[in-house]
Amino acid sequence: MRLLPVPNTPDNSFPVSKRLQLLRDKAHAWFNVDIHSFESVSHPYRGKRFAGGHLYSWNAQEDTATIFPILPKPSQQSIQRNWLPGTLCSVHHSYNLDVFMDPTQNLIVVVYVVDYKTVYINLGTLDGDVIHPQAAGERLLLLDDSEKHHKTINAKLKGLGRHIALWRRLDDENWTSSDEKWQLQIWDWQHSTTSNSILSGVVSNRPNTTIDFCFLGNNRLLVIIDNLKLYSIEDMSQAPGLLACFLMPVSLMLWCLPGLPIDDIGHSSQPQMQAQQMMYTSDPTHRLLCLIGSSSRTDSFSSTQVIIISPRIFFDLDRMAATPIPWQHWGPLNARIFRHPYHFKVHISGNRVLQALPVGTRNSEFMLHLMDFSPLAVTNRRGLGRVVKEPSTIYISDSTGRSGGSLTTSLPYVQVVFSDRKFDSAESELEDIWIDEDRIYMLNADLEPTTFRGDPVFVKRPIGKLEVIDV
């Protein structure tokens with residue numbers, strides 16, 4: 001497992017060996033979590049996005065946003081703020097397309113369109129209406145002149161460290177095909193407001209066609225359509241360079257589950273000389289990728305595939321792959337697929353996955369499963385948890401709902417099942433779950449018993465209970 005240096009604390013007298021032991025002890029503690037020991041706070045259900053120990057939301061219809069910390073620790077930077085209608089963007093005749101927040105960098109990014117054609121991206125701080133001190137400027141510029149003929153139908157913002165990316169679905173007035181154009185532009189927002197790093201393409205105008213993307217460290221980008229296309233974004237003065245295309249086994253509606261925004265930390269060429277100034281943690285480029293695959297069906301028989309992928313497959317390329325790489329050559333040994341009912345609950349942080357899986361086959365109750373895919377998990381567990389090395393086979397459906405056959409995957413992991421606490425799915429008791437490096441978060445519905453036409457039912461109150469479990 002590749003290791004990266006992490007800056008030392010001011011006290012250099014604390015030996016590196018002790019710090020490494022603390023890291024091992026912390027990893028071990030995850031296999032001994034008490035799920036009944038928690039603090040709780042109240043939280044509304046809608047618009048939940050988790051990042052950097054904060055929950056934030058953006059309501060497009062009401063043009064409002066909010067961010068607040070979750071039981072912040074004394075050493076944690078805490079940001080709490082509400083944006084009223086018209087305050088995210090005050091430009092006349094504009095419409096906000098998306099909002100991205102990164103509390104670890106005190107960054108808010110707002111993309112908006114004026115008169116449905118001209119798109120702008122504003123950078124600011126979460127805790128005040130000022131230009132971000134690390135930003136190259138107040139606004140990122142789109143360099144594609146063809147936008148004069150395009151209408152932006154929708155847009156999606158993502159960021160990681162010094163990179164921000166904007167994906168847009170476009171409607172060209174002169175375009176005669178029923179297919180739709182899309183464009184993806186990436187900026188190094190800390191060094192320049194302009195960028196030549198642009199990808200574009202055409203997507204079929206079908207209801208079961210999706211496009212998503214995600215950053216893999218600070219130099220690679222994965223574009224997800226029917227298959228996975230890996231690009232290099234090291235040189236922002238030119239279009240991303242295609243490194244490889246990884247084929248999926250069946251056609252799925254795919255999107256990337258957002259994990260925690262983790263920036264790269266540079267490698268040390270002389271780790272021995274840095275021993276007194278550095279300790280080590282896992283390489284961010286080796287942190288898990290989670291893809292969600294589903295069909296266009298939304299009935300009671302539909303399901304969702306959660307695809308956990310080890311990112312090492314995207315970094316162990318000796319050279320550019322000239323031809324697409326079949327699933328059989330890369331997927332089974334580097335992935336693990338789990339089948340969920342349509343309404344799934346899963347979150348990732350680093351090498352760990354937290355998901356709610358059904359008990360039995362009737363999907364009437366759920367239990368939380370914690371899975372550690374780190375190569376060191378077997379050592380750190382010290383007898384706790386269950387090591388899963390044997391292959392698993394699931395039956396999947398494609399993007400149209402038709403049977404896609406069976407898939408066998410075998411990426412090893414260590415699992416802990418919190419079997420002493422079950423959640424009733426019929427009453428939607430468990431609204432959402434998150435995980436970070438120190439905590440588990442569970443948003444539970446506050447259900448009020450009542451009757452409907454003489455039958456007992458439960459009504460969900462507008463405010464839920466957010467349970468926070470320290471590890």
Computed accessible area, Tyr441, all protein chains, 1.4 angstrom probe, square angstrom
0 Å²
Along Cα→Cβ, 7 Å out, is where each label goes; now give me the distance between the ones at Gln61 and Thr450 in nm to one decimal.
1.9 nm
At 1.4 Å probe size, what's the solvent-accessible area of Thr451? Round to the nearest 10 Å².
100 Å²
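Which sequence of Leu333, Leu243, Leu184 reflects their accessible areas, 1.4 Å probe, from the largest down?
Values: Leu333 125, Leu243 40, Leu184 0 Å².
Solvent-accessible surface, decreasing: Leu333, Leu243, Leu184.
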Along the charge dipole of the stretch 38-125, which of His92, Pro74, His54 sits closest to the positive end, that is, farthest toward it, with unit charges on the beta carbon of Lys, Arg, Asp and Glu (+1, +1, -1, -1)?
Pro74
With every protein chain present, what accessible area does Phe418 have (1.4 Å probe, heavy atoms only), rounded to the nearest 10 Å²?
10 Å²
When the chain is fully extended, how far beyond the present Cα-Cα distance does Ser410 get from Thr87, taking 0.36 nm per residue of separation?
111.4 nm
Can you compute the modelled spin-label distance between Val203 and His329, with each label point 7 Å from Cα toward Cβ, in nm?
2.7 nm
Set the Förster distance to 30 Å, then compute FRET efficiency between Val114 and Lys48 from the Cβ-Cβ distance, nearest 0.05.
0.55
Could I have the simple spin-label model distance between Asp127 and Val41, label points 7 Å from Cα toward Cβ, reported in nm to one decimal?
1.5 nm
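Greater than 32 Å separation of Cα atoms is the criterion. Which listed pairs, Lys26/Lys422; Lys48/Lys389; Lys26/Lys229; Lys48/Lys229; Lys26/Lys465, meet it? Write down the numbers at each step before the final one.
On the way: Lys26/Lys422 26 Å; Lys48/Lys389 34 Å; Lys26/Lys229 35 Å; Lys48/Lys229 29 Å; Lys26/Lys465 27 Å.
With Cα atoms farther than 32 Å apart: Lys48/Lys389; Lys26/Lys229.
The values are calculated or read from the model by the stated rules, or taken from the named source; none is laboratory data. In this text, all values refer to a predicted model and were calculated from it rather than measured experimentally. Heads up, the Cβs are rebuilt from the backbone with ideal geometry, glycines too, and the neighbour counts pull from every protein chain shown. Calculation scope for accessible area: heavy atoms of the full protein, side chains included, ligands and nucleic acids excluded. Shrake-Rupley method; radii C 1.70, N 1.55, O 1.52, S 1.80 Å.
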